[in-house]
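First comes the structure, then the notes that go with it.
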Amino acid sequence: MLRRSLFRLSTRSIPLYRTTPLLARMSTEAHPVSSTSKPAPPAEGINPVTKNASAEAKAAKKEAKKNKGGSSSGPLVLSPEPAFFDERLKIYDEYKAKYEKFVAEQPREPITITFPDGKTAEATSWETTPLQLAKNISSSLAERVIIAKVNNQQLWDLTRPLEASCSLALLDFDSPDNNYEARQVFWHSSAHVLGEACERRYDGCCLGYGPPIEEGGFFYDMSLAEGRTISQEDYKPIEDVCKMAVKEKQPFERLELPKEVLLKMFAYNKYKQHYIQDKVPDGTSSTVYRCGPLIDLCLGPHVPHTGRIKSLAVTKNSSSYFLGDAKNDTFQRVYGMSFPDNAQMKEYKKYLEEAAKRDHRKIGKEQELFFFNDLSPGSAFFLPMGMRIYNTLMDFIKAEYFKRGFTEVGTPNMFNSKLWETSGHWQNYAEDMFQLKVDEDTFALKPMNCPGHSVMFGSRERSYKELPLRFAEFGVLHRNEASGALSGLTRVRRFVQDDAHIFCTPEQVESELYAAFDFLDAVYKPFGFTYKVGLSTRNPKKWMGDLGIWDNAEKTLREVLEQRVPGNWHVNEEDAAFYGPKLDFQLTDALKRNWQCGTIQLDFNLPERFDLKYHSATQSSEGAQFARPVMIHRAILGSLERFIAIITESTGGKWPLWLSPRQIVVIPVAKPYVEYAQKVAKTFGDAGLFAEVDMTDNTLNKKIRNGQTAQWNFIIVVGEEELKANAVNIRNRDDEVQGREETVDLGVAVQKILKLKESRAAVSKLD
C-alpha cells in the first residue's frame, strides 16, 4: 500500500504556480482536512472523461468538420492527438486507481460543518463534499458557487471530500467579501482550458506557466514547434476549441504524485521538468489537475468543471521568456478573460473600449506629456507639459511632508555592493540591479532607498529624544525589469518613489500608523480614490526578530485597521516578508480597477543588519542603555510614473485644475486684441497659473474647439468689450453647455480661479 503521505499535501511542498502571494499562500497551508480526495461522481450534467477521451475525440472531429481556419488551413484540433496525451493519461489512471483504494480504506466518521452565519450541518468525513452541502442549501447556490473556503484560510475544491469538522464558506464569482479569491480560482481554471485548447490545436505545443492575473483574467506561456508565433488570426480558433471544452463540462480532478512520478509524467516537457526539479524537494510530492485530455502540474484549486466557464475570450498575445530571462527560450503568451455568464463578458468588452480610450500611453502622446525611446527602454522622456504634472504631484507631497514632520534627505544613486550585502539585497536581488565596475569594485544603481536611509540613521549616535525620525526622499531608482515586462509608465526601469522611512521606538509605532493613515487620506481624497487594505501576517517558517514584537505589531495593525477602515480590509495569512508585517493599499479608480500603490511595512531586519541603535530613556549604573529602533517603510503614491499612469486613465486626460498642465488658454477674437490677450495671460501666469495665448491663424471657432479637445480647463476669449472693461469672458471645460459666458473683471477672474486651484476640486466649477 502507498504511504499515506503520498495523498496528503505535504507542508514541505513548494508552490509551482506562484502568481500572487495570496494564491501561493492558499495553496500551501496545512489544514485539518484531506489534501487529496476521491473524485466525486460527476456532478449533474457533467460528462465523465474516459481513459482515451474517445467522447472528446469524436466531438472534436465533428466540430472540426464545421470549423476550419485559424492562421493556417486545416482542422481545428490535431488528429491524431499528440502521443504524450496517452502516456500522461496512463500514469494518471494508474495512480488514480491507487488513490481511490486509499480513500476507500479511510474511516467514515460524523463531522460538523459550520457556516459563516453560525448554522451547522452534519456530514461524513472522506465522503461529504462542499458541493453536496451547497446543493442541500439551494440548487441555485450549487450552480453559482465557485470554490469553498475551509476554516477561513484554505481554499478547497467543491468536489473534494472534507476530512474533519471545520468552518466552511461557499464563495461565488460575485461574493461581496471574497470575490477576489473566487475570481482568481475561476480565472486559474480558465487558464487550464486555454492550455488544453493550445495543446489540442498546435503541433509541438509545450506549456510553461499559466496563472490568473491579479487585475483580472489569465494567460498561458507556451513554446510552439518550429518557432511558430501566435497572431490575432489565431484568437477565434483558440476560442472555438475552448468552447468545445466548456461544452463537454470536463471535471477538474486533483491527484497528488511523488516527485519521481511527476518527472516521468512530464518527461516530454522540459519546462515542467524544470519546475518540478526546482520547486519540489526530493522525497516530497506535489499535485496535478486534469480536465479533459489536459493534465497539468498545478496546486489548484479549481472550479468543479469547465462548464462553469460560460464565456471565454482571447484578448491579446505577446512574447515572453522562460523564467523571465532573455537568455532562455522565447514563449508565446496568450491572454484571456472569462466570466460565468455572457452578460458580464459584454459589460467587460464595453469596459475595454473605454479603457482603450483612456490608455495613458495614448493620452500621453496626444497631449504631449511623455514618450519612450528604444535608446533607453523602460525610461520615460517627460515633455514640458508632462513635467508640469510630475512637479505638481511632487510639490503636493512635499507640502504634506512639511506639515507632518518629515525631513527631506538625499542619498547617492550608486552604492558599493558591500551596502547591498549588508542589507541582504545582494543575495536575493542582485540580478534585478544594474551593476558596474569601478576601480575593481562592484557598484550598483540603487533599486530602493531604505539601505541608504539606514546608513544615514547610523551615521552618528541617536537619542530617543530624536525619535520618531522621518526621512523622506524622491530618489531616482533603477530596477532591471525584463524587457518583455515593460509597459508604459506602469512598469519601468527608471522611476522615482515618494519614499519615506520612519525610525521610531516600539511604543511609537501605533501613533505613526494613525499618522500614516491621515497622510494617505489627505493625498487620495483629491483624486476621488477609495481603497482597500491587505494585512500580510507572519509566516511561521520564514521570519526573524522577536516573536513578542511581531505579535504586538500585528495586533496593533489590526486595531488601527478596525479603527480606520472597519470592514474594508482583509488578512493575507502568512504572506509577510521575513522582516515584518505589511499593509498594502489598493486604490479603486474611475473604471473600478484596483491598483496597488500605498505601502506601510514594518521592518525588524534592516535595523539589525545595520546595527542601528539609539540611547534609550533607561539608565543603568553603567551608563546609557541602547535599543533598536523599529523601521517603517512608507509610500503613498508609490512610483510617481505609475501613479501618473493611473490618474491619467482615471481622469481620461481631463485633468482637474490644480494638477492640469493646461489651465488657461487666452484667445483673442482678432489681431488687434493680441496684445491684451498677452497681458491677460501674463496676469494669470504671475498669479501662479499656467496660461498661454493661442497665436494661430485659425478661426475663432476653431481655436475654441482646439482648446476644448486639448483639455484646457478654462478658455478665455477677449475682444473689444473685454479690452475696454479690463475683463475676460470665461468658458469652462466642465460646463455641460458650452457657450459665451458673462464678462468678468480680470482681477476677480484671477481670484476665482486661484481659489478653485487651491481647493484641489475634481471639477472645474467657479463660484
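Where a number appears in this text, it was derived from the coordinates with a stated rule and is not lab data. Please read all numbers here as calculations on a predicted model, not as lab measurements. Don't worry about glycine lacking a Cβ; one is built from the backbone with ideal geometry, like all the others, and counts go over all protein chains shown.
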Query raised in the report: Non-local amide H neighbours of residue 475 (under 5 Å, H modeled in plane, Pro and chain starts lacking H): which ones?
Result: 497, 499
Query raised in the report: Restricting attention to the alpha-carbon atoms of the chain, what are Rg (one decimal) and Dmax (integer), both in Å?
Result: 30.1, 102
Report task. Net charge near residue 533: determine it from the other residues with C-beta under 9 Å of the C-beta of residue 533, scoring Lys and Arg +1 and Asp and Glu -1. Result -> +1
Report task. Restrict the search to the stretch 409-494; then list the trypsin sites (Lys or Arg not before Pro) that DSSP places in a loop and that have at most 10 other Cβ atoms within 10 Å of their Cβ. Result -> 460
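Scan the stretch 680-767 for trypsin sites (Lys or Arg not before Pro) in coil per DSSP, keeping those whose Cβ has at most 13 other Cβ atoms within 10 Å, and list them by number.
Here the trypsin sites (Lys or Arg not before Pro) that fit, given the DSSP loop and packing criteria, are 740, 765.
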Report summary line: Note, the stretch 369-386: 3J(HN,Hα) by Karplus (6.51, -1.76, 1.60, θ = phi - 60°), whole Hz, Gly/Pro = x, goes 9, 7, 7, 10, 9, 5, 5, 8, x, x, 10, 7, 9, 8, 7, x, 5, x
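Pop the C-beta distance of residue 376 and residue 432 into the FRET formula with R0 = 22 Å and round what comes out to the nearest 0.05. Write down the numbers at each step before the final one.
Working: r = 18 Å, r/R0 = 0.80.
Efficiency computed from Cβ-Cβ geometry: 0.80.
Compute the longest continuous run of the chain that contains no exposed GluC sites (Glu not before Pro); treat a site as exposed when its DSSP state is not H, G, I, E or B and it has at most 14 other Cβ atoms within 10 Å.
462-621
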Requested in this report: Give a residue-ordered list of calculated ³J(HN,Hα) values for the stretch 265-276 (Karplus: 6.51 cos²θ - 1.76 cosθ + 1.60, θ = phi - 60°; whole Hz; x for Gly, Pro).
Outcome: 4, 10, 4, 7, 10, 5, 6, 5, 4, 5, 4, 5
Report task. Could you list which residues have their amide H under 5 Å from that of residue 731, counting only those 5 or more apart in sequence or on another chain, with H placed in the peptide plane? Result -> 715, 716, 717
Query raised in the report: In whole Hz, what ³J(HN,Hα) sequence does the stretch 161-168 give by Karplus (6.51, -1.76, 1.60; θ = phi - 60°), x for Gly and Pro?
Result: x, 7, 9, 9, 4, 6, 8, 9
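Checking the table 310/592; 446/555; 101/264; 398/757 against a 25 Å threshold on Cα-Cα, which pairs fail?
446/555
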Requested in this report: Give the shape of the stretch 657-759 as rounded, prolate or oblate, defined through the alpha-carbon gyration tensor: a ≥ b ≥ c are the square roots of its eigenvalues, a/c under 1.5 means rounded, and otherwise the shape is prolate if a/b is larger than b/c and oblate if not.
Outcome: rounded
Report task. Please compute the net charge surrounding residue 319, taking Lys and Arg as +1 and Asp and Glu as -1 over other residues with Cβ under 13 Å from its Cβ. Result -> +1
Report summary line: For residue 316, the residues 5 or more places away or on another chain with a placed amide H closer than 5 Å to its own amide H are 335
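When only C-alpha pairs under 8 Å and at least 6 residues apart count, what is the relative contact order of the stretch 657-759, in percent?
28
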Report task. For the stretch 91-183, run through the trypsin sites (Lys or Arg not before Pro) and keep only the ones in DSSP coil with at most 14 other Cβ atoms within 10 Å of their Cβ. Result -> 108, 119
Query raised in the report: Over the stretch 317-473, what is the relative contact order in whole percent, taking alpha-carbon pairs under 8 Å and six or more residues apart?
Result: 14
Requested in this report: May I ask you to derive the relative contact order of the chain, considering only C-alpha pairs under 8 Å and at least 6 residues apart, and to give it as an integer percent?
Outcome: 9
Report summary line: Helix-only [θ] at 222 nm, the chain, -39500 (n - 2.57) per DSSP H run of 4+, per residue, nearest 500, equals -10500 deg cm²/dmol
